[in-house]
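One structure is given here, and the rest of the page talks about it.
Read-outs throughout are calculated quantities, based only on the coordinates presented, and are distinct from any laboratory measurement. No experiment lies behind these values; they were computed from the predicted model shown. For neighbour counting, all protein chains shown are included, and Cβ atoms are generated from backbone atoms with ideal geometry for every residue, glycine included.
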């Protein structure tokens, strides 16, 4: 039992066509074929982030979260190919446990107490850095410093499942997404919650804590991982935009 995470980034001029494809074609194909293996299939449209938030490997289109009891066999397995999207999105994808592996702050807060701006981030330790080295810095140094942010009121993290888990389904001949458009090797998924962008900006841009960079950093400043390569992120509301397994709506 695990979750699939897929962040998408697209040329913004194509968002209308991509939304039509997602509602009319892609989500019904996923739910119709793989619903028996799935518990939830939720999707979030990111919040339109201000310019100073886009420097952190911002992905501008849907974050889709699949909750799986199990994964069916890969390949077509009696189904047709997926309907090809109008443009190929860049995606960052991984599998994580259903529940966080660490819960650092904010579990005692009741749902109605404050609004949540969720900063959703994927971390990748650079090539040549062992998981043990990366985790030693992340858990032993980085998280205690992150928790000093003035506006951060909720923080938890998942250690990514490293076993190869192939997703079901197939694309038609010649329409497989290019490998350089799919970012798959991740180590951590993290959530940082703030009241609003003003609190995020105060915590991350204006008055951040004093951070300790790892010796293997690929970026000179926080998050010390190269944005768009070793660190990608998006901003989400608390509730999903769509719960496709419960209600697959027609596009028009």
request  = Can you put 196, 70 in order of Cβ neighbours within 10 angstrom, beginning with the fewest?
outcome  = 70, 196
query = How many angstrom separate the Cα center of the stretch 132-193 from the Cα center of the stretch 1-62?
reply = 16
query = Taking the inverse of the average 1/r across all pairs of different Cα atoms in the stretch 59-115, what Kirkwood radius in Å do you get?
reply = 16.2
request  = Considering only 23, 44, 158, give the residue with the highest GNM mean-square fluctuation for the chain, with springs between Cα atoms whenever their separation is below 10 Å.
outcome  = 23
task = Mind telling me which of 238, 145, 113 comes out most flexible in a GNM of the chain, alpha-carbon contacts under 10 Å?
result = 113
ask   = Which order do 90, 206 fall in if you start with the one that has the fewest other Cβ atoms within 10 Å?
value = 206, 90
inquiry  = In 5 Å bins starting at zero, report the fraction of Cα pairs in the chain per bin as a rounded %.
reply    = 1, 6, 12, 17, 19, 17, 12, 8, 5, 2, 0, 0
ask   = Order of 173, 135 from fewest to most other C-beta atoms within 10 Å?
value = 173, 135
remark   = CD proxy, 222 nm, the chain: helix-only mean residue ellipticity via -39,500 (n - 2.57) per DSSP H run with n ≥ 4, per residue, nearest 500, stands at -3000 deg cm²/dmol
ask   = Roughly speaking, what is the stretch gain from residue 81 to residue 211, that is 0.36 nm per residue apart minus the C-alpha to C-alpha distance, in nm to one decimal?
value = 42.0 nm
inquiry  = Between residue 133 and residue 114, what is 0.36 nm times their sequence separation minus the Cα-Cα distance? Round to one decimal in nm.
reply    = 3.2 nm
task = Considering Cα pairs under 8 angstrom that are at least six residues apart, work out the relative contact order of the stretch 2-243 and quote it in whole percent.
result = 32
